[in-house]
Amino acid sequence: MTPVHWKVVIDAEDPHAQADFWAAALHYESEDNDALIQRLLELGALPREATVEYHARLAFRDLVAVRHPDDPYDKDSGTGLGRRLLFQRVPEPKTVKNRLHLDLHPGEGARAAEVERLTGLGASVLSEVSGPSGAWVVMQDPEGNEFCVH
């Protein structure tokens, strides 16, 4: 049996800003869907108001993904075929704790520097945890989504 292909989808008020943050945080790349969007516009299958300019290319207004730079992607659509985070616009702000979060593992002895780097990108520290099971820093991204740095 073939493994199931998946992506993590994250609701966002500003999907493009979230994509920029997480692309920088993970050293990922924002997907470039310009060629696909151009085709859809030419076919009349996508209204122009469903698009925005993002990094000097056309992008979908309400969603954008980031992908691992070493993973395969479809060159015709720009869509990643491996590890991806997809940010989709929702009208409401985040109001409660995440039920799912990302754990980042920057490597032995690199946690403090990584927390400082992520803070510089717009994240904030919520708490520092230290116990029998290990130590990590609980942070939140610019829209308040929690994640941990181990």
Item to complete: Could you tell me whether the stretch 87-105 includes any residue that is of a type in the set (A, V, I, L, M, F, W, C) and free of Cβ contacts under 8 Å to residues at least 40 places away in the same chain?
Response: yes
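Could you pull out the residue among Glu53, Glu13, Glu29 that is of a type in the set (D, E, K, R) and without any contact (Cβ under 8 Å) to a residue 40 or more places away in the chain? Write out each step before concluding.
Details: Glu13 fails: without any contact (Cβ under 8 Å) to a residue 40 or more places away in the chain; Glu29 fails: without any contact (Cβ under 8 Å) to a residue 40 or more places away in the chain.
Every option except Glu53 fails the conditions.
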Response to the item:
Of the residues in the stretch 19-37, those that are within 30 Å of Val149 (Cα to Cα) and open to solvent by less than 20 Å² (accessible area, probe 1.4 Å) number 6
Item to complete: Just name the residue that is nearest to Pro3 (Cα to Cα) out of those in the stretch 69-128 that are under 14 Å from the mean Cα position of the chain (by Cα) and charged (D, E, K, R).
Response: Arg83
Worksheet entry | Failed item, numbered, when Leu40 is tested on (1) open to solvent by 70 Å² or more (accessible area, probe 1.4 Å); (2) not in a loop (DSSP other than H, G, I, E, B) | (1)
Worksheet, complete the sentence: A careful count of residues in the stretch 43-55 that are touching a Phe, Trp or Tyr at 6+ places or on another chain (Cβ under 9 Å), over 15 Å from Asp14 (Cα atoms) and either open to solvent by less than 20 Å² (accessible area, probe 1.4 Å) or charged (D, E, K, R) (or both) gives 0
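Considering only the stretch 13-22, I want to know if a residue exists there that is assigned to a helix (DSSP H, G or I), aromatic (Phe, Trp, Tyr) and in contact with a strand residue (DSSP E or B) (Cβ under 6 Å, 6 or more places away or on another chain). If you could, list the steps in order and put the result at the bottom.
Kept after step one, since they are assigned to a helix (DSSP H, G or I), are these residues of the stretch 13-22: 15-22.
Next, from what is left, pick out any that are aromatic (Phe, Trp, Tyr): 21-22.
Checking which are in contact with a strand residue (DSSP E or B) (Cβ under 6 Å, 6 or more places away or on another chain) leaves us with 22.
Checking the stretch 13-22: at least one residue is assigned to a helix (DSSP H, G or I), aromatic (Phe, Trp, Tyr) and in contact with a strand residue (DSSP E or B) (Cβ under 6 Å, 6 or more places away or on another chain).
The values are calculated or read from the model by the stated rules, or taken from the named source; none is laboratory data. All figures in this text were calculated on a predicted structure; none of them were measured in a lab. Here the Cβ is made from the backbone with ideal geometry for all residues, glycine too, and neighbour counts use every protein chain on show. These accessible areas exclude ligands, DNA and RNA; they are computed on the full protein's heavy atoms, side chains included. Shrake-Rupley method; radii C 1.70, N 1.55, O 1.52, S 1.80 Å.
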